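Values quoted throughout were computed directly from the atomic coordinates according to the rules given, and no laboratory measurement underlies them. What you see is a predicted model, and the numbers here were worked out from it, not measured in a lab. Cβ coordinates were reconstructed from backbone atoms using ideal geometry, including for glycine residues, and neighbour counts include every protein chain displayed.
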Amino acid sequence: MRWNINRFFNPENRFWAFMERVTDICVLSFFWFLFSIPVVTAGAATTALFQYTLRLTADEEGYVWKTFREGFKKNFGQATILWIGAVLVGAFLAFDLWCCQFLAPLGAVRFFAFFLLIGAIFVYLLTMIYLFPLLAFFHVDTRKVIRDSFVMSVGNLHVSVTILVIYGITAVVTYFFPMLFMFWFALGSYVASFFYRFIFYKYIKDDEE
């Protein structure tokens, strides 16, 4: 019995390791929410979040606050530009979709325009989900972040769709438990980070070869 008790309270026990990881994600989600409150800083906060979750998937996470703060400060300007640009493009596509739905004339033109916009929105979402993880992992210039996000998302479509499904599940869970939305987003980003790391290492290996 004593051996079992000592084993249970061992810090290296899988249960406590799991609880420590959950605690880290909770703290991370709080920092992400706090630093996203001004809205314009949401891009930098999301990049900082991924800087930690990507390290977490490789068991090299370190301290949550230190990693988050460094990622936020280092990528603030670039991530903010990407965030504002992504919001503007998303708003433009949403407005076009609204116009197509309610203002465009009936017939084949409307049908074609609608599906063309749906395709553009899908490509936009695929590219969008790679922007901040890629910036957190590689620290490249803005133009290259956008280009590589598109190339990686389309070139690894099955993985990209899987990541979209993860965030879709996150959105559904958030709908039913909205008070914990920041935790669900951080948790979904952590799960997605395993797929991001797989893709990023694939391209690093290709560059080395």
Problem set entry | Cα lying deepest toward the dipole's positive end in the chain, options G188, A17, F114, charges on Cβ | A17
Exercise. Could you work out Rg/(2.2 N^0.38 Å) for the chain, with Rg from alpha carbons only?
Worked result: 1.18
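Computed FRET efficiency, Cβ-Cβ of A58 and V123, R0 25 Å: what is it to the nearest 0.05?
Details: r = 29 Å, r/R0 = 1.18.
FRET efficiency, A58 to V123: 0.25.
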For this session: Order the peptides 115-128, 68-81, 35-48 from the highest to the lowest mean number of other Cβ atoms within 10 Å of their residues.
Result: 35-48, 68-81, 115-128
Exercise. Can you give the Rg and Dmax of the stretch 60-169 based on its C-alpha atoms, in angstrom?
Worked result: 17.1, 58
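Given a Förster radius of 22 Å and the C-beta distance between A17 and F176 as r, what FRET efficiency does 1/(1 + (r/R0)^6) yield to the nearest 0.05? Show your work: numbers first, answer last.
Values: r = 28 Å, r/R0 = 1.29.
Efficiency, rounded to the nearest 0.05: 0.20.
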Problem set entry | Radius of gyration and maximum dimension Dmax of the stretch 158-209, Cα, Å | 13.9, 47
Seminar exercise, completed: With label points set 7 Å from each Cα along the Cα-to-Cβ direction at F112 and Y201, the distance between them in nm comes to 4.7 nm
